[in-house]
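Working notes for the structure below.
Every read-out reported here was derived from the displayed coordinates using simple, explicitly stated rules and does not represent laboratory data. Since this is a predicted model, take the numbers as computed values, not measurements. All Cβ positions, even for glycine, are placed from backbone atoms using ideal geometry, and neighbour counts span all protein chains on display.
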Amino acid sequence: MTAAEILYKDECYAIQGAVFTVYREMGSGFLESVYQECLEREFRHVGIPYRAQAELLISYKGEKLHQTFKSDFICHDKIIIELKAVKEITNEHRAQIFNYLKATDFRLGLLVNFGHFPKATVERIIL
């Protein structure tokens, strides 16, 4: 992949469109669970394939662990979506999604923050 190429460009563009649609409708100030439900409905409405609260297997040195984690969304079976509703994204939030990527076979995560004003933010985390 060259510097000019964007990983899953079309898929991310559609996901971001859904995020911004939800934010325009709901604004900031709700709990993450409200945005989760709204985004799920918007994904269905615009035809973005997703799994909500998808349980993902984690491996350590090539061995599957008994422990799993639930991502907010997996879209297109290749993009992890982690939702936040906080004033500001911190390095701990970025580390969370980066670790999700390291522990799975996914290469791209989107860190979505509905708590930012005046608009939602979407950060791409690439492994």
### Task
Quick one: what are the phi-derived ³J(HN,Hα) couplings along segment 62-67, Karplus 6.51/-1.76/1.60 with θ = phi - 60°, whole Hz, x for glycine and proline?
x, 9, 5, 8, 6, 6
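For the chain, give me the percentage of DSSP beta bridges that are antiparallel, rounded to the nearest 5 percent. Walk me through the numbers before you get to the answer.
Working: 18 of 24 bridges.
Of all bridge pairs located within the chain, approximately 75 percent are antiparallel.
Which of Val46, Val112 comes first, and how do the rest follow, when ranked by fewest Cβ neighbours within 10 Å?
Values: Val46 12, Val112 28.
Taking fewest neighbouring Cβ atoms as first place, the list is Val46, Val112.
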### Message
Charges on Cβ only, +1 for Lys and Arg, -1 for Asp and Glu, centred on the Cα centroid of the chain; of Asn99, Val86, Asn113, which one is farthest towards the dipole's positive end?
### Response
Asn99
### Query
Points 7 angstrom from Cα along the Cβ direction at Arg41 and Met26: gap in nanometres?
0.9
### Message
Whole-Hz ³J(HN,Hα) for each residue in segment 103-120, computed from phi via Karplus 6.51 cos²θ - 1.76 cosθ + 1.60 with θ = phi - 60°, x for glycine and proline: what do you get?
### Response
7, 10, 9, 7, 10, 10, x, 10, 9, 9, 10, 8, x, 6, 10, x, 8, 5
## Note on the structure
Along segment 25-30, Karplus-curve 3J(HN,Hα) (6.51, -1.76, 1.60; θ = phi - 60°) to the nearest Hz, with x for Gly and Pro, reads 6, 9, x, 9, x, 8
### Summary
With a 19 Å threshold on alpha-carbon distance, the violating pairs from Lys61/Lys102; Lys9/Lys84; Lys64/Lys102; Lys9/Lys64 are Lys9/Lys84; Lys9/Lys64
### Task
Could you size up the charge dipole of segment 9-126 around its Cα centre, putting +1 on the beta carbon of Lys and Arg and -1 on that of Asp and Glu, and report it in debye to the nearest 20?
220
